[in-house]
1. Can you say what percent of the DSSP beta bridges in the chain, counting only those with both residues inside, are antiparallel? Round to 5.
2. Comparing W242, W39, W130, which has the greatest mean-square fluctuation in the GNM of the chain with Cα pairs linked when under 10 Å apart?
3. List every DSSP H helix in the chain whose Cα atoms extend 24 Å or more along the helix's own long axis and whose mean Kyte-Doolittle hydropathy is at least 1.0.
4. Tell me, in nm to one decimal, what length is gained between I257 and I60 on full extension, where the rule is 0.36 nm per residue of separation less the Cα-Cα distance?
5. Can you tally the net charge around K314? Count Lys and Arg as +1, Asp and Glu as -1, for every other residue whose Cβ sits under 9 Å from the Cβ of K314.
6. Please go through the residue pairs K179/K301; K179/K314; K269/K327; K218/K301; K76/K270; K273/K327 and name each one whose alpha carbons sit more than 25 Å apart in this structure.
7. Where q = 0.30 Å⁻¹, what log10 of I(q)/I(0) comes from the Debye formula for the range 217-256, counting one point per Cα?
8. If you project the alpha carbons of the range 151-250 onto the principal axes, what extent comes out on each, in Å, largest first?
Amino acid sequence: MVAPAAKKTVSVLESNPATTTKFEAFLGAITVSSFIVIWLSSAASPLILFLSLREGYYKITAFIILITIIAYIPWKRGPISRCVQRFIDSNHPQYYNGVSIVFEGGEVPPSEHRQTFFAVHPHGAFCIGWALLFTCPTMHRVRFCFAPSLFASPFFRLFSRAVGKPGSAARPSMNAYLKNGEDCALPPGGFEEATLTSTSQDRVFIKKRYGFVRLCLKYGVAIRPVYVFGEGRLFSNVQGFWGNRLALNRFGIPTIIVWGRWFFPLLPKKGVKIYIVVGKPIVLPKIENPTKEEVAVWHNKYIAELKRIYDEYKEDAYGADEGKVAKVEVW
């Protein structure tokens, strides 16, 4: 069942573009571009290490090894990490044409006591809404689960450990987090949802994503659907050839061809409003070994709730005229 709402929404972030200075917007651009560059350089780190060894650039080799050691050894976040997180959390939203994060039902972590799984849509090109939630103080107890290959990269692992509470989306890791009673967040649409990104049509890839529902049933964890309005409008993406591109995604191969600003394609487009809605908890029963039928029942309830959130808040996000005709495609 879906938990009844104590009140419609609780807002935990509201940035006003009318009061944002050019310097604050510049800091926001630096913040978001740094996040994306670290993301991409992390994917290339094995190649960088190999080339530095082959070409004799041993200072670069030593630097990568040092970063790897720091990224993997146990340590707790201290004053420097908290300062970095505050800088990102305060400046990142200033880049956009307003950012809002609202929670339905009056349940805002960490005040809520129910173990919760936050399922975030859409993935977008670079998970910008996800990044805003990741550094939001309200979500500091939630473990954000990244693709195993990304979390294994030393650059991204160090960065994510410094600014939040990251984890791996590998099945054994997810099982361990939920078994230990942790709240988790995951973009279940994955590479496929990124591939479907469009500036003119909202899409989610969820029809074949049963795994997170099965895990939540196994441990009796509530699910909160999260929809990030505006995510798809931040980057243009080549459209079409869906069959071939989605087939490659199944092998862990990204198939997005995206660009943002003309002078720096890795920077998101300007003038986009980000409106993030965290839905009411869907309270699942605890079924240690759920059947396919039981998983399908709760998966369908999840999709229905995600669509309800989209339809109920699309006018708040896009304005009355555009919101009336906006629709989300469910793949």
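The numbers here are math on the coordinates, done by the rules we state, and not lab data. Since the structure is predicted, the reported quantities are computational estimates derived from the model, not experimental observations. Here Cβ is always computed from backbone atoms with ideal geometry, including for glycine, and neighbour counts include all displayed protein chains.
1. Restricted to the chain, the bridges split so that about 40 percent are antiparallel.
2. Of the options given, W242 has the highest mean-square fluctuation.
3. The answer, listed by residue number, is 22-55.
4. Net length gain for the segment: 68.0 nm.
5. Residues near K314 contribute -4 overall.
6. K179/K314; K76/K270
7. For the range 217-256, the Cα-only Debye profile gives -0.97.
8. Sorted from largest, the Cα extents of the range 151-250 read 42, 33, 27 Å.
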